[in-house]
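What follows is calculated from the coordinates using simple rules that are stated; it is not laboratory data. Small disclaimer: the values here were computed from a predicted structure and weren't measured. Neighbour counts run over all protein chains shown; Cβ positions are idealised from the backbone, glycine included.
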Amino acid sequence: MNGISGMDRRTMMKGAALSALLLPAPASAQQEQSVAASATTTGSGSTTIMTGKFATDRLERMHKVMAGHVESGDVPGLVWAVSRGGETHVEAAGALALGGTAPMRRDSIFRIASLTKPVTAVAAMILVEESRLRLDDPVDRWLPELAHRKVLNAIDGQLTDTVPASRPITLRDLLTLRFGVGAIMVYPFAYPVQHAMAEAGIAPSADLYRGSPDAFMKAVGSLPLAHQPGKGWLYHTGLDVAGVLVARAAGQPLSAFMQERIFGPLGMKDTGFHVPAEKVDRLATAYSRDFQSGKLGVYDEAKGGLFARPAIFESGGGGLVSTADDYLAFQRMMLGKGKLGSQRILSRASVELMTSDQLTDEQKASAAIFFNGNSGWGLGMSVALKRDNLFTTPGRFGWDGGYGTSAYADPANDFAGILLSQKLMDSPEAPKHYVDFWTSAYQAIEG
């Protein structure tokens, strides 16, 4: 995770947001959600049905710790959830907006930022399973803008100092973020390719691209690759490109495909690329920290904000909004090896591939700010490789979002957790409320 100093406030936040950059089986997925709801604690004091998956006293301790982050003024509000087997707990603290009277609720809606990436990867793998896409075929058929690429001789070189790409770009390159375009973690921008991305409007940032998918691909295709396909690792842009690929291959907008094949079957009724007018009063306001005063300022309003209107570009890398319950359904599907209740979204083989590290040691070393020697990257998500603290069980998968979101699933413990806030990340260090949530959540696991 990364936040950078030495820039103006808005540019700083763009860089910082990269860092995340930066139940017994029921008859149906919807029934599983209903059962989970009956075994849930909330900030409003709903009845709890304990099944022994979590320690009650430690859940209470977690609530105090998380509520403390609101009381201290660190964040305006939070929603967090933990789920294990048939026992799910969802809690909320604080308000939707600073100084507001509307409380944060279980069904509050959040900009989930890079938690979108695993969803886009699932969408792509659905098409792979149907043989409409192939992981290792060139993407040129659907993305002609990426054909016949040129590659920089040096990442800091002039845009004209290039050689031909050694091979075509593939879907695997996009999902593993190894296709050659993405966030170069040098701030302030020092390399010609960084400036070119910024001028084209496609430099990864919290401000999502607002042009059309075709215009986005034209901009991406106008740039040389920073490295040969499959050789390096650059964060973010590959999943935005994968989203365009899914839409073109499916013959429908990315939102429509996800609704039909993922959100609808999983009962994710509040997930999409914008918040409809009738739900906007449930959308939390997004904030960023002023680096001089230390105070929080509005980054994106709920009503009238960027996510209150349909997106022209549906960002597969960071454009979704969702709720705790919705995203938990997605996580439980992944823990279920592609199945939730009677709804199968993916095969076991696809999920196992997606949650297996795909990177070489050299690629992980070059992106140490993201991996720290303890994790890798599968298809669209991070994968823990060894335990380095209280909550990184090997095999744990998921990711963080630059708007203040974090979601991971742990097959070894049949556990999923999600933390939702709307304070943009602004430091190389994991936010304290992230660390405290995951530490508290893992200490609450019983047995």
Per-residue HN-Hα couplings for segment 377-385 [Karplus 6.51, -1.76, 1.60; θ = phi - 60°; Hz; x = Gly/Pro]
9, x, 9, x, 7, 7, 10, 6, 9
Order of Phe313, Phe54 - criterion: other Cβ atoms within 10 Å of each residue's Cβ, fewest first:
Phe313, Phe54
Using 0.36 nm per residue, how much length does the chain from Glu352 to Leu390 gain when fully extended, once their Cα-Cα distance is taken away?
11.3 nm
Given only helices, namely DSSP H runs of n ≥ 4 each adding -39500 (n - 2.57), what is the per-residue ellipticity at 222 nm of the chain, to the nearest 500 deg cm²/dmol?
-8500 deg cm²/dmol
Need the full-extension length gain, Thr56 to Ala412, defined as separation in residues times 0.36 nm minus the C-alpha distance. One decimal, nm.
126.0 nm
With Ala384 itself left out, Lys, Arg at +1 and Asp, Glu at -1 over residues whose Cβ is under 11 Å from its Cβ give 0
Set of aspartates and glutamates near Lys231 by C-alpha distance (under 12 Å), chain-local residues within fewer than 8 positions excluded
Asp173, Asp361, Glu362
Sequence gap at least 6, Cα distance under 8 Å: using those rules, report the relative contact order of segment 47-188 to the nearest whole percent.
13
Which of Leu59, Leu78 has the fewest Cβ neighbours within 10 Å, and the rest in rising order
Leu59, Leu78
For Lys53, Lys386, Lys117, Lys218, which order do you get if you count the other beta carbons within 10 Å of each Cβ and list the fewest first?
Lys386, Lys218, Lys53, Lys117
Going Cα to Cα from Lys150, which aspartates and glutamates come in below 15 Å? Please leave out same-chain ones fewer than 8 positions away.
Asp140, Asp161
Using only Cα atoms, locate the centre of segment 255-310 and the centre of segment 194-248, then give the distance between them in Å, rounded to an integer.
22
Taking a cut-off of 25 Å, what percent of all Cα-Cα pairs in segment 213-337 are separated by more than that?
40
Using a/c under 1.5 as the rounded threshold, could you call segment 266-420 rounded, prolate or oblate? The axes a ≥ b ≥ c are square roots of the C-alpha gyration tensor eigenvalues, and prolate needs a/b larger than b/c, oblate otherwise.
oblate
Excluding residues fewer than 8 positions from Lys337 in its own chain, the lysines with Cα under 25 Å of it are Lys53, Lys117, Lys269, Lys386
How would you order 156-163, 84-91 from highest to lowest mean count of nearby Cβ atoms within 10 Å?
84-91, 156-163
Could you rank the peptides 292-305, 138-151 by their average count of other C-beta atoms within 10 Å per residue, with the highest value first?
138-151, 292-305
